[in-house]
Every structure is written in C-alpha cells, then in structure tokens.
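Everything below concerns the one structure shown next.
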Amino acid sequence: MFFDRGTGRLIDAQTGATHDCAAIQTAISAGTLLFRQSGLASGDRVLINYGNRPEFFLDLLAVWHCGACAIPLDARATAAEIANIVAATRPRLSLWHDAPQAPVTTVLADAGVRVFTAHDRRTAVSEAQAGVGFRLDDDALILFTSGTTGQPKGVVHTHRTLLARWMALRESLGTMDFERTLCLLPTHFGHGLICNSLFPWLSGQDLFILPSFRTDLLLGLGGLLDRHRITFMSSVPPVWGIALKMARPPTLGTLRRVFCGSAPLSKHLWKGIREWTGTSQVCNAYGITETGSWVAGLTDVGIEPEDGLIGRGWGTIARIRRRPDAAETPGANDECAAGEEGFIWLKTAGLMRGYFGRDDLTSQAVVDGWFSTRDIGVVDDRGLLYLRGRQREEINKGGMKLFPADVDAVIERHVGVLDVCTFAFEHPLYGEDMGVAVVLQQNDRPTLAALYAWAASELGAHRLPARWYVLDEIPRTSRGKINRQSVAERCAARQPITPGVLVGRDVGGGGS
C-alpha cells in the first residue's frame, strides 16, 4: 500500500478473528470490483456508516481503489443528521453493516444513494486483482467534526496530506513500537482513524480492533493487552480514569508506547498511566482532525510529566501567537515570547485541503499554510509545547481567566472520583462562575464532604467550583471529548449539592 511493507493483519480483538494479508487483498479486490460495477467512479463520495470492525478498513481501501472519497460516519448519527450530510456531500453509495432503519432508508432513497450491506459485500467475488485508481491529490476522507445538526463542517484530507502525516510520524517515531497496535477509539475521526489505525496498519503492522468506549471492555483492559501482546495503544483521558481505578494492569510488559490525546493530560493521570502500563514511554499526543491528528508529542522519557505538557513537533512547526484569527499572515511581531501564553498556530504538510464546500470557514482558519487551532498554549524556554485549553472553554470570573481543564486535572486526582467536568454558569456579580459535575465510586455524604475539603485545599478559593453536582455519567462526544455545554445544561435542570453536605454538616436531606 502506501509503504513498502504493505498492510499488516486485521484482528477482531474480542473474537480473535483474523484477516491475513492474502485475505485482505482478496477482500479489497472484491469490494473494488463490486463498487465499480455499481457505478462508483473517481471523484465520487461514499458514506461508511459503521466502524471499529475489520470490514470497515477493507471497505475503506476498496473505496480508495475506485478513486472515490470515503465519509466515515458516527454509527449513532440520526436520520436528520445523515440527511444533512447527504445533502451537503451528495454521495453515490452508502455502506452499512446491517440494513439501515426505515427513516434513514427513506433519506438515502430520496437522494438516490445506493445502499450496500455486509451481506451484499460478502457475496461479491473477485476474479482478478483490482488496480489502484486514485491520485495523490484526490480527496480521500471527509471527516465531520461538527455541524451535523446544522451546517455540516467536514474536514477534507487528500491522499497527499494523509501520506505527509504518516511519513512525518514514521520519521519521528519509527514503526516498530506499533507492531501490535490496539484501537479502541472511534474510527470516524482523525485520532482513531488516521493515526491510531491507518498509520500502523498501512506501515505493515498488525491492527487489533475493539468497539469504542465500552466500559465492560475497559474493565478487562489489562487482560486484553496481555492476551494479544499489544505493543501500542492510544486513547483519551476518560479511558484511563476508568482503567486506572477499576481494571487490573497488564502483567506481561509488552506495551512499548502509549499515547493519550484529545485533551490536556494531567501530571497525576500521566504518572498513573506509566505505572499501570509498565512503560515510561507515555505521551500526551497533540493534534486535531484538520492536521491529520498527531502533530506533536514527547519522545524523551527523561522529561518528567507535567500538566498539559505536549513536547515537540512531529514534522510540524508550532508557534504561539497573540491572536487567533487568520485575517492576516502571522508575523514575528505577533509571536509570543517563551513562557507567554497565547494561541497555537501550526504549519504542516499534513494540513487538510479545507472544509468541504465551506471556503468561508477555511479562510477563517488557514492563511499562507498556517492553521489557527484556537487552542491556548505556551512554549517554554526549552522549546517544549504545553496545552492549556480551548479559547471557547475559558471562564471569565470577574475578569479572572480560568480554564476548566486545570480544575478537572486537580479533582480527578481524588481517589473517589471516576470522572469530572468543570463548566461555566452565569453569575449576577462575576458574570461567570464555575460549577463541577463528578462521577463517584461511592456516592454518599462522607465521600462528598471529603472530596470538597480536599479540593478546597488543593485549588484555593478562587478556583474552587461554586456549584457541585453528582451524575451517573459525564456526557461526552463520540470522540470521548467532554461536551461542557451539555454537562452545564444537564446540571442546570438539577439542584446542586447543598452546602451542608459539602462541608460535612448536613445530617438531613439534600443532595444532587
């Protein structure tokens, strides 16, 4: 494929079912011929409405062999969301594991989109090798990052931008540590698909695939890592919030490298991951879908973990600037000094072609090859990048700027906390103040009182959340990211914990 070693094997990590290289080639050829016979041509677009299965990757490569562009979708997308994407992208085909439900079938039929299920693809037989039909500058992927309920915002990557990302990673990280890679992230966005899965697999390494964010599987994560002798995995902080406190660690020591992305990684969680996994090669990989995911991280195990520490660029230049808008080309007079907080800008050959059909959005984010992430960060005097948070998450408490991720990083350290989300709420005096929702191992008054007292001692009065809530779970996006607005809305419909419970003096009712 893209690299000289061809693909690795595809393995269902639950069942052990394996596609070896010969089976992979046969399946891709059969799918390519089937899709071509169905009228799929170069430049067409194809919805793939399932992921985290070996068959997803076989279909993806068959689509590419036809010269077409794949649009992986969140399997939880509603008929209305799919209708928006169909209207925006006008796909020719859609691929499903099982037949879509009636409302979606109607949407696809009305738009003239042909449906293929897993059964249709199993009956296809390849009588000859199907050649590769794409060019480097053809569109390869459209990944929707937001807007499926309004105006869709789809990131377009070409084969050239994907190849640039993988080559940069190969040069910075090598490929041997990825020999047996586990993917438990959703495969409809950049982190799970482009880097965690396609980079190792198309580099000739084996890819073990799990359904995403299944709590029952996370509780047995240590045993699964041992059973398949996994050498690499990537994930997001919530995965480790569960695994470190509720799953037994692996015992065979096969893990060589572990990444955690999609949010700043706290020093506490970082050290916990090192201890649990048995490897010091843990890093907070930084990247977003627009840049093909991973663009920076830490490879020097001699540097101690710190809150939000990223490291250095992987085939990418990172600059901290005082403004986030792309109205003008970034200049030297706009660049922050070492240690000065500002907005992260990136320059990389793996940058997206643009937002699909949205030149207006592209021009707001990209200027002269520089991409404005709107993430807030800092580069220290060693040249190491730190991630602080997102501009839109910043809480302005009476003129004092607070980042909810900083508060999350403290509260998550408490032994009784499984998950946490800090958010803003309107305050008549300060304009904004902080609330926090927690998921506890044991929801009782002593635990709450102990947590509050501990948080007060660690955070200080200015950063201590004013409202506290206990939830059964923290709402997250399909990528595992915290949706702070959704958490705030859920909590707004509930009563916060009474102050007496928090300070351990309430012996009557009260609660969340």
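The values are calculated or read from the model by the stated rules, or taken from the named source; none is laboratory data. All values reported here derive from a predicted model rather than from experimental measurement. A quick note on method: Cβ atoms are made from the backbone with ideal geometry, for glycine too, and the neighbour counts reach across all protein chains shown.
Of all the listed residues (373, 422), the sole one being over 21 Å from residue 503 (Cβ atoms) and surrounded by 20 or more Cβ atoms within 10 Å (Cβ to Cβ) is 373.
Kindly indicate whether residue 457 is under 30 Å from residue 189 (Cβ atoms), modelled with pLDDT under 90 and of a type outside the set (Val, Ile, Thr). Here the answer is no, as residue 457 does not meet what is asked.
Being farther than 26 Å from residue 412 by Cβ, modelled with pLDDT of 95 or more and not small (Gly, Ala, Ser) is a property that holds for residue 199. For the stretch 274-288: of the residues being under 20 Å from residue 181 (Cα atoms) and under 18 Å from the mean Cα position of the chain (by Cα), which is surrounded by the most Cβ atoms within 10 Å (Cβ to Cβ)? Result: 286.
One line per residue, one yes/no per condition, for (1) of a type in the set (S, T, N, Q); (2) outside any loop (DSSP other than H, G, I, E, B); (3) exposed (fewer than 15 other Cβ atoms within 10 Å of the Cβ):
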residue: 435; (1), (2), (3): no, yes, no
residue: 451; (1), (2), (3): no, yes, no
residue: 455; (1), (2), (3): no, yes, no
residue: 462; (1), (2), (3): no, yes, yes
residue: 469; (1), (2), (3): no, yes, no
residue: 473; (1), (2), (3): no, no, yes
residue: 490; (1), (2), (3): no, yes, no
residue: 501; (1), (2), (3): no, yes, no
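Among residues that are farther than 29 Å from residue 315 by Cα, buried (at least 17 other Cβ atoms within 10 Å of the Cβ), modelled with pLDDT of 90 or more and not small (Gly, Ala, Ser), residue 211 is not included. With respect to (1) crowded, with 22+ Cβ neighbours inside 10 Å; (2) outside any helix (DSSP H, G or I); (3) out of contact with any Asp or Glu (no Cβ under 8 Å at 6 or more places or on another chain), the lone exception for residue 302 is condition (1).
Any chance the stretch 70-86 includes a residue that's assigned to a strand (DSSP E or B), hydrophobic (A, V, I, L, M, F, W, C) and surrounded by 21 or more Cβ atoms within 10 Å (Cβ to Cβ)?
First, the residues of the stretch 70-86 that are assigned to a strand (DSSP E or B): 70-72.
Imposing the further condition that a residue be hydrophobic (A, V, I, L, M, F, W, C) reduces the set to 70-71.
Subsequent filtering for residues that are surrounded by 21 or more Cβ atoms within 10 Å (Cβ to Cβ) retains 70-71.
Yes, the conditions are met somewhere in the stretch 70-86.
Considering each residue of the stretch 21-29 in turn, none proves to be assigned to a helix (DSSP H, G or I), assigned by TED's automatic domain parsing to the domain that holds residue 93, closer than 18 Å to residue 90 by Cα and not charged (D, E, K, R).
Okay, residues lined up against (1) over 21 Å from residue 377 (Cα atoms); (2) touching a strand residue (DSSP E or B) at 6+ places or on another chain (Cβ under 6 Å); (3) of a type in the set (A, V, I, L, M):
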{"residue": "394", "(1), (2), (3)": "no, yes, no"}
{"residue": "424", "(1), (2), (3)": "no, yes, yes"}
{"residue": "428", "(1), (2), (3)": "yes, no, no"}
{"residue": "444", "(1), (2), (3)": "yes, no, no"}
{"residue": "458", "(1), (2), (3)": "yes, no, no"}
{"residue": "485", "(1), (2), (3)": "yes, no, no"}
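Scanning the stretch 271-288 for residues that are hydrophobic (A, V, I, L, M, F, W, C) and not in a helix (DSSP H, G or I) yields 282, 283, 285, 288. May I ask you to verify whether residue 240 is closer than 24 Å to residue 210 by Cα, in contact with a helix residue (DSSP H, G or I) (Cβ under 8 Å, 6 or more places away or on another chain), aromatic (Phe, Trp, Tyr) and not in a strand (DSSP E or B)? Yes, satisfied. Among the residues of the stretch 87-100, write down those that are in contact with a Lys or Arg (Cβ under 8 Å, 6 or more places away or on another chain) and assigned to a loop (DSSP other than H, G, I, E, B). Across the stretch 87-100, the qualifying residues are 90, 91, 92, 97. Only residues that are assigned to a loop (DSSP other than H, G, I, E, B) and buried (at least 20 other Cβ atoms within 10 Å of the Cβ) were counted across the stretch 248-270, and they come to 8.
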